[in-house]
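Down below is the structure, laid out as structure tokens.
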Amino acid sequence: MVSRDADRVVVVLAAAILSLLLAGVLVLQQSTPAPALSLITLNRDLPEEAETALAEVPPSLPLVDAEDVPAPTPTAVPAPTAQPTPVVTAAPTPQPPAATGPSFPSPIRGVWVHVLDGTLLTRGSIEAMLDDVVNAGGNTVVVEVARRYDSYYASDFLDRGQDAGFEPGLDVLQAVIDGAAPRGLSVHAWFTAMPAWQPETANTPEPHNWTYTQHGAPAPDDQKWLTRSATGEWGEYLDPGHPDVQNLVIATAAELATYDVDAVHVDYLRYPGAEWGYNPVALGRFQADTGRTDIPAPSDQQFSDWRRQQTTDIAIRMREAVQQVDPTVGVSAALIAWGDGPVNGRVFEQTPAWSQVFQPWPQWMAAGIIDVAMPMVYFRESRHASFHRNWMSYIAGLRQATGVMTAPGQGSWLNDVDQSLLQLSEAAPFMDGEVLFSYQQTAAGEDPKALLPALAGSLWGQ
């Protein structure tokens, strides 16, 4: 196994050569022409999802020109710091080495299935969901089995979810795996890395040894793992710069990899915003790493770089842990794509993913840290079609340059059936598939499942 120091070097080198790779995309395209994404010009207002993004929206361009896919700027990598004792006292038992690595359907035709309703809480509803996906022509389910560090699988260290109607003794992940295998479905085990509390689950009873109870708002300040704002406000997210949080994420990913899944799927591997990251333990680590004694401003470049390094270190360690457990299990990730896409001279560093939530996922792709990239390109076709096309143009070039399997998320809940079919068909020639958010609402309007039969008779039925 390559050491984490070597992996960090890989990240830096990957970032440095990414611009060269992306510059070569144009040459590759000249030998393998591809049709351009259609040009759609709509209202040039910013989406609700990214009000702080740049106010000026450039016009759309054809797919992947030399300047359309700017590379992220490499950042200095702080020296690694020692980690405390892992959350899990007994490491998962490694599986025998496999002859091959992770493999996935191509194209991926997937759905995210969240655990905010009853879909995953009984065997009967799980079977019905799997039938719906197969009947639509789908081949992949990304199922949420750890929501706020309560578990819907047989965890050795996370307490079981306390949802009303949760079938006694049900291991959701195992039930999905058992039902998916005869149906030929690929399974990604989805967990959220940083949210410790969610307003959607405020009325759900708390697990006995819940992370939020032990290390969230009810805990003494010196035991809090939550992130803190520059003004001293405690948040609802865990802090990626806290070593115990990092170990909790790694332990969860490793435990999920003990199941017969195709990938461990990480979501929310990011900060909630640029003003966060001031947990006292995390801040102390930043000061120790940099030799500084002041409290940095949210816009401080060195502090921003350090926070990007924290999410990257977690991604590296998570991949290492998953591979140690089972080399055939991959890592997939839900990635931020807010605001307008980085094309037409707009660079990735100007997007909220880089500057606000410190998630440098193009470097993760270039370094091979993730096996399947799922950027969440969620836009209403009626308002922000140009944003959708610009992100798809950038992502297509990144996919071609890095070789990483890429199946962007499509915001089906924001669009009617025809609008979603248009977005999916526009992107299909340039991607390795797409994933709908979500199974529970595949279409805006009265029939939340309307897109699935439409896909069966069109794109997914081909």
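Quick note: the coordinates plus some simple rules give every number you see, no bench work behind them. Keep in mind it's a predicted model, so treat the numbers as computed, not measured. Here the Cβ positions follow ideal geometry from the backbone for every residue, glycine too, while neighbour counts run over all protein chains shown.
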Net charge of neighbours whose Cβ lies under 15 Å from the Cβ of Arg307, counting Lys and Arg as +1 and Asp and Glu as -1:
-2
Taking amide H positions as placed in the peptide plane 1.01 Å from N, state which residues far from Ser186 in sequence (5 or more) or on other chains have amide H under 5 Å from it.
Thr140, Val141
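Quick check on packing: order 286-292, 360-366, 273-279, 394-400 by the mean number of other C-beta atoms within 10 Å, highest mean leading.
Details: 286-292: 14.6, 360-366: 26.9, 273-279: 22.6, 394-400: 24.9.
My ranking of the peptides, most packed first, is 360-366, 394-400, 273-279, 286-292.
Considering only DSSP beta bridges with both partners in segment 286-417, what is the antiparallel share in %, to the nearest 5? Working shown, then result.
Numbers: 0 of 9 bridges.
The antiparallel fraction comes to roughly 0 percent.
How much net charge surrounds Phe166 when only other residues with a Cβ under 15 Å from its Cβ are counted (Lys, Arg +1; Asp, Glu -1)?
Details: positive: Arg123, Arg147, Arg148, Arg160; negative: Asp117, Glu144, Asp150, Asp159, Asp163, Glu167, Asp171, Glu206.
Residues near Phe166 contribute -4 overall.
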Check Phe379: other-chain or 5+ apart residues with amide H under 5 Å from its amide H, H built from backbone geometry?
Gly411
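Taking 0.36 nm per residue of sequence separation and subtracting the Cα-Cα distance, how much length would be gained by fully extending the chain between Asn135 and Asp447, in nm to one decimal?
Values: separation 312, 0.36 × 312 = 112.32 nm, distance 1.70 nm.
Between Asn135 and Asp447, full extension yields an extra 110.6 nm.
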Around Ala180, what is the net charge, scoring Lys/Arg as +1 and Asp/Glu as -1 over all other residues with Cβ under 14 Å from its Cβ?
-4
Spin-label zone in segment 178-220 - amide nitrogen under 17 Å from a point set 7 Å from the Cα of Ser125 along the C-beta vector
200-205
Arranged from highest to lowest average of other beta-carbon atoms within 10 Å per residue, in what order do the peptides 185-198, 207-220 appear?
185-198, 207-220
Relative contact order (percent) for segment 134-285, with alpha-carbon contacts under 8 angstrom and 6 or more residues of separation?
25 percent
Convert each backbone phi in segment 357-364 into a coupling constant with the Karplus relation 6.51 cos²θ - 1.76 cosθ + 1.60 (shift: θ = phi - 60°), then list the ³J(HN,Hα) values in order as whole Hz, x for Gly and Pro.
10, 6, 10, x, 5, x, 5, 4
Ranked packing of 325-336, 294-305, 173-184, 101-112, most packed first, by mean Cβ within 10 Å:
325-336, 101-112, 173-184, 294-305
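Past the 20 angstrom mark, what percentage of all C-alpha to C-alpha distances in segment 104-173 do you count? Intermediate values should be presented prior to the final figure.
Working: 762 of 2415 pairs.
Across segment 104-173, Cα pairs with separations above 20 Å total 32 percent.
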Rounded to whole angstrom, the alpha-carbon centroid of segment 267-307 lies from that of segment 365-430 at a distance of 30 Å
